[in-house]
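A.B. asks: Dumping the structure here so I can ask a few things about it.
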Amino acid sequence: MNEGVLHTLVAFGILVVLLTIAAGLIWLERRLLALWQDRYGPNRVGPFGLFQVMADMIKIFFKEDWIPGFADKKVFVIAPAMLVITILMSFAIVPFTPEIMVVDLNIGILFFLAMSSLGAYSVVLGGWSSNNKYSLLGAIRGAAQMISYEVFMGMSLMGVVIMAGSLNMTDIVIAQKKMWFIIPQFIGFVIFFIGGVAEAHRLPFDIVEAESELIAGYHSEYSGLKFGLFFVGEYLGITLISALITTLFFGGWLGFGFLPPVFWFLLKTFAFIMVFILLRAALPRPRYDQLMSLGWKILLPLSLLNLLVTGAIVLYFQ
Amino acid sequence: MFSNLRSLWIVFLHLFRKRETVEYPEEKTELPARWRGRIVLTRDPDYEERCVGCYLCAAACPVDCISLQATEDENGRRYPEFFRINFSRCIFCGYCEEACPTYAIQLIPDFEMAEYDRQNLVYEKEDLLIEGQGKYHGYNFYKEAGVDFGVKKKGEGENENKPVDVRKLMP
Ligand code: SF4
Ligand code: SF4
């Protein structure tokens, strides 16, 4: 088998595994939320309720795929696909192990940041094309939230980049051989985590959707498969942010010898996915202006300071 | 900030708590005796129907789901010719039980009445009428009431005085 075919197979395998994980997360989230609320969660369909996912899929496939008459049809159809595509594209740069990855871009982190900016379009266009005031409100909030949180999410990563001396994800992981970046870059980690939750618009930063205020925000008008895409996109987003945290701060595939590297990667990623779900179970949603002032008044200065101090220290020791 | 971390931790600890869920079909909860569930029509201690067809339950029902027709037997005792409750409309409020003067209609602790066909939720008298006295034992309306309908003679009821002969002088 030549290089090219193998590479295509690996990329395809990653795609399949990711989509399976994203779908499985629907079940995991429901189970975990239930456990944290002293319930059991879905446990009837198949062993431990695992086939619940399939039942949900069948349900979503057979739902009427309805486009409201007042919507802007083309944009309405493109928006959900855009979300999933941008997130899947970001996964291209994630090194699961040195062998299992799609591309080894030397601008890895930049590529991720670019893709996550594009992801904001999905929310905005989805809300805009629905032609519904609640959707539009959700989209406006989404635009403001994602743009402002992206700023310092990028900033907080620069500390890591300075320490590793490269934007390439593989290099960053290898630079963590001696010490995971979580220790020197703790502030960066906290800021990236908060920004990541906001990027994935998960609770507590789900003011884009905010069921209690905006019905479902930007995807109020979506149904059937298109809603399913938004739904899967959300879980892919969680997986992406978790995978990136693992790669950038927790040494990616590095671990102790007795397990294969890819296993270490998955283990760490799942730990963070669970933290995401725990956040949803425990924390209330902040007000919109609180979110904004937290971002611009606290997190942005903090990330700049982190960048400054990291840069100074690295320069001093050179 | 710290209160947020604290609530995260507390919520996490709920992982190890006892579950609140009752896994229903395998495990059943104990329903209290006065739980308002399926409606039954009961009989008195002499195994006669308690219902006297007074329509009070049908009048009290807020959703108008009781329908009945009163008739009389050879002694003049009233009973319902048909008695129909549409459980797809019943809200299990218990007003019918409160309105009933004879303890005939009663709500019992049973809720497992699901049906595939909505029409099957319309219960007729033979579905409603049970063999026993339900929640109130030993009560017989005709033993208390004054009129002779073949249950007791005049003046023989419980807590009833002998009839006074109005033509006699002596008390
Ligand atoms: S319980 Fe309430 S709704 Fe049901 S039959 Fe009696 S009065 Fe009507
Ligand atoms: S069930 Fe009770 S209230 Fe209803 S008609 Fe019969 S006696 Fe009257």
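The values are calculated or read from the model by the stated rules, or taken from the named source; none is laboratory data. Worth saying up front: this structure is predicted, and the values here are computed from it rather than measured. Don't worry about glycine lacking a Cβ; one is built from the backbone with ideal geometry, like all the others, and counts go over all protein chains shown. Ligands, DNA and RNA are stripped out before the accessible areas are found, and what is left, the full protein with its side chains, is counted by its heavy atoms. Shrake-Rupley method; radii C 1.70, N 1.55, O 1.52, S 1.80 Å.
A.B. asks: Kirkwood hydrodynamic radius for the stretch B:99-171: how many Å is it when counted over pairs of different Cα atoms?
C.D. replies: Working: mean 1/r = 0.0612 Å⁻¹.
Computed over the stretch B:99-171, the radius equals 16.3 Å.
A.B. asks: For a quick check of your reading of the filter: which chymotrypsin sites (Phe, Trp or Tyr not before Pro) in the stretch A:255-318 sit in a DSSP loop and have no more than 16 other Cβ atoms within 10 Å? List each step's numbers first, then the result.
C.D. replies: Working: sites: A:Phe256, A:Phe258, A:Phe263, A:Trp264, A:Phe265, A:Phe270, A:Phe272, A:Phe276, A:Tyr288, A:Trp296, A:Tyr316, A:Phe317; in loops: A:Phe256, A:Phe258.
For chymotrypsin sites (Phe, Trp or Tyr not before Pro) across the stretch A:255-318 that sit outside H, G, I, E and B with at most 16 neighbouring Cβ atoms in 10 Å, the list reads A:Phe256, A:Phe258.
A.B. asks: Moving on to the next point. Computed over the Cα atoms of the stretch A:53-211, what is the ratio Rg over Rh, Rh following Kirkwood?
C.D. replies: 1.04
A.B. asks: Would you please give the residues with an amide H less than 5 Å from that of B:Phe83, counting only those at least 5 places away or on a separate chain, with H modeled from the backbone geometry?
C.D. replies: For B:Phe83, the qualifying residues are B:Lys125.
A.B. asks: How big, in percent, is the set of alpha carbon pairs in chain A lying more than 35 Å apart?
C.D. replies: 21
A.B. asks: Could you report the buried accessible area between B and A, both sides summed, computed with a 1.4 Å probe and given in Å² to the nearest 100?
C.D. replies: 1400
A.B. asks: Using only Cα atoms and rounding to the nearest 10 degrees, what angle (0 to 90) does helix A:52-62 make with the longest principal axis of chain A?
C.D. replies: 50
A.B. asks: Compute the long axis of helix A:3-36 from its Cα atoms, compare it with the longest principal axis of the Cα atoms of chain A, and write down the angle in degrees, 0 to 90, nearest 10.
C.D. replies: Helix A:3-36 sits roughly 70 degrees off the main axis of chain A.
A.B. asks: Okay, moving on. Given +1 on the Cβ of Lys and Arg, -1 on the Cβ of Asp and Glu, and no further charges, what dipole in debye does the stretch B:26-143 carry about its Cα centre, rounded to the nearest 20?
C.D. replies: Taking the Cα centre of the stretch B:26-143 as origin, the dipole is about 440 debye.
A.B. asks: Enumerate the lysines that A:Lys74 could reach by cross-link, defined here as Cα to Cα under 21 Å, with residues fewer than 8 away along the same chain left out.
C.D. replies: Answer for A:Lys74, where 21 Å is the Cα cut-off: A:Lys63, A:Lys133, A:Lys226, listed by chain and number.
A.B. asks: Okay, moving on. If you take all C-alpha pairs in the stretch B:1-75, what percent of them are over 18 Å apart?
C.D. replies: 71
A.B. asks: Can you find, among A:Val5, B:Thr71, A:Gly228, the residue sitting farthest towards the positive end of the charge dipole of the protein assembly as shown, where Lys and Arg contribute +1 and Asp and Glu -1 at Cβ?
C.D. replies: My answer, from the dipole projection, is A:Val5.
A.B. asks: Using the 2.2 N^0.38 Å rule of thumb for compact globular proteins, work out how chain B stacks up: its C-alpha Rg over that value, please.
C.D. replies: Output field value: 1.58.
A.B. asks: List the relative contact order of chain A as a percent without decimals, with contacts defined as Cα pairs under 8 Å and 6+ residues apart.
C.D. replies: Relative contact order comes out at 23 percent.
A.B. asks: Specify the inter-centroid distance of the stretch B:119-171 and the stretch A:19-94, based on alpha-carbon positions, in whole Å.
C.D. replies: Computed from Cα coordinates, the inter-centre distance equals 64 Å.
A.B. asks: Same structure, new question: Filter the trypsin sites (Lys or Arg not before Pro) in the stretch A:219-318 down to the DSSP loop ones having no more than 14 other Cβ atoms within 10 Å, then list what survives.
C.D. replies: Passing sites in the stretch A:219-318 are A:Arg287.
A.B. asks: Here's another thing I want to ask about it. Measure nothing fancy, just the Cα-based angle from helix B:2-13's long axis to the longest principal axis of chain B, in degrees from 0 to 90, nearest 10.
C.D. replies: The angle comes out at about 70 degrees.
A.B. asks: Could you pull the Rg and Dmax for the stretch A:176-284, using just the Cα atoms, both in Å?
C.D. replies: 16.1, 50
A.B. asks: Something else: Can you list the HN-Hα couplings for the stretch B:129-138, worked out from phi with the Karplus curve (6.51, -1.76, 1.60; θ = phi - 60°), rounded to whole Hz and with x for Gly and Pro?
C.D. replies: Per residue, the Karplus-derived 3J(HN,Hα) values read 6, 10, 7, x, 9, x, 7, 10, 8, x Hz.
A.B. asks: Here is a follow-up. In chain B, which longest range has no trypsin sites (Lys or Arg not before Pro) that are both DSSP loop (not H, G, I, E or B) and surrounded by at most 14 other Cβ atoms within 10 Å?
C.D. replies: B:90-152
A.B. asks: Going by Cα centres, the stretch A:193-229 and the stretch B:18-33 are how many Å apart?
C.D. replies: 35
A.B. asks: Mind checking the stretch A:53-156 for GluC sites (Glu not before Pro) that DSSP puts in a loop (not H, G, I, E or B) and that have at most 11 other Cβ atoms within 10 Å?
C.D. replies: Sparse-neighbourhood loop GluC sites (Glu not before Pro): A:Glu64, A:Glu99.
A.B. asks: Charges only on Cβ, +1 for Lys and Arg, -1 for Asp and Glu: so what's the dipole of chain A about the Cα centre, in debye to the nearest 20?
C.D. replies: Using Cβ point charges on Lys, Arg, Asp and Glu, chain A gives about 440 debye.
A.B. asks: Students often forget the sequence filter, so: which lysines lie under 22 Å Cα-Cα from B:Lys125 once same-chain residues fewer than 8 apart are removed?
C.D. replies: Within the straight-line cut-off, B:Lys125 pairs with B:Lys135.
A.B. asks: Cross-link partners among lysines for A:Lys178, C-alpha distance below 19 Å, same-chain residues fewer than 8 apart left out?
C.D. replies: A:Lys268
A.B. asks: Then there's this: Compare the Cα positions of A:Ala34, A:Tyr316, A:Phe70 along the charge dipole of chain A (+1 at Cβ of Lys, Arg; -1 at Cβ of Asp, Glu; about the Cα centre) and return the one farthest towards the positive end.
C.D. replies: Farthest along the dipole direction, towards plus: A:Ala34.
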